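Okay, structure first, notes after.
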Amino acid sequence: MSDIEETKPSGTVAEAVQEEPVRVLLLDDHPENLLLRSTILRKHGYVAETADSVEEAEKLLDRIDIAVLDYHLGAGRFGTDVAAELRERRPEVPIIILSATLERRFGGVEDMHLLKGYSSIDDLVNALRGFEAKRRGRPVVVDARDFFYSRINMAMGDDVVLEILDANGNWQYVNDTCARLLERPRDWFPGKNMFVEMPELAPDWRDILRTVAVQRETYIDRTYRGLLNLPRKGEGWVWNVLAFPLTLHNNQTGVVLTARILERKTTL
């Protein structure tokens, strides 16, 4: 009887610990941003601790599990000031910096940097979920390729056809514009080989891609050859194609292949 009585409270405590909500520090000098983010995070089961200044945030550092810090706070203050203090006091706490622009100052103590206007609330929630799983001692498996390569797409522009391949022509990533052009879902491409799927490209492009990857050269082609589809009947397209080397997520050298429509002509 006594064994049962001792076991039951122990299990209850374990469940309570497992279900204890994650406390997220939100630092932003704009109250409307704090209200919006805290409301969204609460809907996803988090406890939001809000602060609109460095001083307010520093008072909360001992009772949070994850920090989401806005970079520009006005009056010469920055979220990275809080990040440095938090990393020194509680090095185990994950830190996410939010900013409207990329800065050379980034790459310090923060664990992740998200761009406002480009990184959606889903990016933030997914990051929190990953950090939460790690905190609870569960294994975290993250495929960061899409996030990593999408930053290149962001810089190039949505009107550019973008493909990222290894030296052998195996797709690592394509953007939405490319997927629509080739009439395939984006997740169809990774792992497939360009020259197996489209053998008509092999004579010209196999050597070009390998040369770009191995020699780390840049290739520009103003002919139609760079694209993986045929123009629609009655249209003639003039493309600007650029291929340049890139260090892939696995540290091997790959190729970024981009194409932009310079001109579209009716050929009837």
Selection over the stretch 150-168 where residues are surrounded by 15 or more Cβ atoms within 10 Å (Cβ to Cβ) and among the charged types (D, E, K, R) yields a count of 2
Go through the residues of the stretch 254-262 one by one and say whether even a single one is surrounded by 15 or more Cβ atoms within 10 Å (Cβ to Cβ), farther than 17 Å from D158 by Cα and either touching a helix residue (DSSP H, G or I) at 6+ places or on another chain (Cβ under 7 Å) or at pLDDT 85 or above (or both). yes
When every residue in the stretch 71-83 that is of a type in the set (A, V, I, L, M) and surrounded by 15 or more Cβ atoms within 10 Å (Cβ to Cβ) is compared, the one nearest to H30 (Cα to Cα) is L73
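The values are calculated or read from the model by the stated rules, or taken from the named source; none is laboratory data. Everything numeric in this text was worked out from a predicted model, so none of it was measured. Don't worry about glycine lacking a Cβ; one is built from the backbone with ideal geometry, like all the others, and counts go over all protein chains shown.
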